[in-house]
Amino acid sequence: MRTRTALLVAAVVPVTLATAAATLKANRWRLHADRHRIHLTPAARRSCPDCRGTGGWWADGPNPEMEACGCWSERPELHIRLLPIPAWPDEPPF
């Protein structure tokens, strides 16, 4: 029974990861994961009529700045904490 369960889990995990990656790509999210957090940031849509997938445009003036397009800048970033970040020691190591 344990062998069947292990084989089932081994078969399900890659399918789940592929599904999650396809979903994130379709919804225009960038994924960053490490042992302390999972960070999802929105990405610009390629089909956006305003920015055409570049994410923004340059504003004219003496100090040109990049203006972000609303296709990604108005969507929230998502943070999921996994492990607490360890505190920095008070004393130097030497």
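Taking amide H positions as placed 1.01 Å from N in the peptide plane, with prolines and chain starts having none, which residues 5 or more places from ARG37, or on another chain, fall under 5 Å of its amide H?
Residues meeting the amide H criterion: LEU82, LEU83.
For CYS48, what residues show an amide H to amide H distance below 5 Å, using hydrogens built from the backbone and excluding near sequence neighbours?
GLY53
Residue by residue through the stretch 67-82, what is 3J(HN,Hα) from phi via Karplus (6.51 cos²θ - 1.76 cosθ + 1.60, θ = phi - 60°)? Round to whole Hz and write x for glycine and proline.
9, 7, 7, x, 5, 10, 6, 8, 8, x, 8, 10, 10, 10, 7, 9
Show the residues, 5+ positions off or on another chain, whose built amide H is closer than 5 Å to the amide H of GLY56.
It is CYS69, by chain and number.
Quick one: grab the alpha carbon gyration tensor of the stretch 23-62, order the square roots of its eigenvalues as a ≥ b ≥ c, and give me rounded if a/c is under 1.5, else prolate or oblate depending on whether a/b is larger than b/c.
Because a/c hits 1.5 or more and a/b fails to exceed b/c, the stretch 23-62 counts as oblate.
In nm, give the distance between the simple-model label positions of ASP90 and ALA68, each being 7 Å from the Cα along the Cα-to-Cβ direction.
3.9
Starting from the Cα gyration tensor of the stretch 43-94, take the square roots of the eigenvalues, sort them a ≥ b ≥ c, and report rounded, prolate or oblate (rounded when a/c is under 1.5, otherwise prolate if a/b is larger than b/c, else oblate).
oblate
FYI, it's all coordinate maths here, none of it is from the lab. Because the structure is a prediction, the values reported are computed rather than measured. Here the Cβ is made from the backbone with ideal geometry for all residues, glycine too, and neighbour counts use every protein chain on show.
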